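Notes for the one structure printed next.
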């Protein structure tokens, strides 16, 4: 893994080497390069509404603290004391007041990371301590962006800018926020957390895999539909059936949905319609939207029913249900999934009830549908160690002249988005390596 050509050899357009899923060395390389060079989702600013509020999470394998500083801005700091390396915050969330205090030797830091005080500082006189990098305080990440309440960060100080990295893919987040009559979201409690014994990229690929629902979910969604029909398909349809029945839609439905891809690995299913298009209307919601935006704009916002939007490298946004799934890599074969639900400020509470029901039914450790996917991920993680082939096929609707630097809309069962993700994977795995080589030459 010492040369960028070694990385490029792992992706051959229509296939990818199995080592990208099972190799510990490649996983470590991803943590050092891919997750340092890309913009990674951390959370929402409503998680830290007050000065001193913080939330701990990670970027790749780097623990970080998202905190609201005294200037009311969100800062992101590496979660480590510069003295002995102790983690500053171990609680998932809390309020630290005006400063952080290391629990080991009581070094303290402002909430922007600047060193505030050191006990018995006279012990460092005439030692050259003031010239040591440890005196600079807690290390901030390279760059932070608050986009309409969503917090993203890039570890490396230099790299692709936020707008360049995401481009028009931000339209999914825009639509998600615009669905709130008051134009803002609030996080609705803690996420559902679900451990998966598989590589994080398997989860990412599955979000735009439209050839598996009617197969993998036959045992869950298919059984639910069968029971509902045996009951005489009572009306009105319960919200649970509105949620689960579309998973058994035929191939033709998913072909017609369409898939859009954007540069840098982003893309979404549901260009023309999606499994969320046929939900019953929530009383009072459209009226609230018309009051806020006018009828024409309200219709435009609500008619956009995208299915799953991938924000490379590791989140999926579901605009019509105000959800984000965060795929947090922990090892080559271990991924923690966080499924967040957001409240549309100014909308009827029935909407958050529907979103929460979807989250419980589809994404929770106790879900009906999620176990089908988990079974497939874990079987794949085991099966890829079988020495029958070194390659994983991504050839469905493949064209040799595919240009991932341009937006494209294609058949809803294409695997182009998976190929698009691996094109970005190569780009950002080698981004700083290529930059260093160019500077040296």
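Relative intensity of the stretch 102-170 on a log10 scale, I(q)/I(0) at q = 0.17, 0.26, 0.28, 0.29 Å⁻¹, equals -0.76, -1.20, -1.29, -1.33, per a Debye sum over C-alpha point scatterers of equal strength in the absence of solvent.
Percent of Cα-Cα pairs more than 35 Å apart in the chain, please. Tail of the P(r) past 35 Å holds 34 percent of the pairs. Please report, to two decimal places, log10 I(q)/I(0) for the stretch 41-147 at q = 0.11, 0.18 Å⁻¹ as given by the Debye formula with identical point scatterers on the Cα atoms and no solvent. Here the Debye-derived log intensity ratios amount to -0.33, -0.83. Distance between Cα centroids, the stretch 3-63 to the stretch 193-266: provide it in whole Å. If you average the Cα positions of each part, the centres end up 26 Å apart. Average 1/r across all pairs of distinct alpha carbons in the stretch 323-441, invert it, and you get the Kirkwood radius: 18.5 Å. Peptides 272-278, 117-123 ranked from most to least packed by the mean count of surrounding Cβ atoms within 10 Å: 272-278, 117-123. Kirkwood analysis of the stretch 191-429, using all unique Cα-Cα pairs, places the hydrodynamic radius at 19.0 Å.
Comparing mean-square fluctuations of 260, 197, 385 from a GNM of the chain with C-alpha springs under 10 Å, the top value falls on 385.
The rule of thumb for compact globular proteins, 2.2 N^0.38 Å, goes into the C-alpha radius of gyration of the stretch 311-383 1.25 times. The angle separating the long axis of helix 370-383 from the principal Cα axis of greatest extent in the chain is about 70 degrees.
Rg and Dmax over the alpha-carbon atoms of the stretch 39-93 stand at 11.1, 32 Å.
FYI, it's all coordinate maths here, none of it is from the lab. Please read these numbers as outputs of a predicted model, since none were measured by experiment. Quick reminder, even Gly has a Cβ in these numbers, built from the backbone with ideal geometry, and neighbours come from all protein chains shown.
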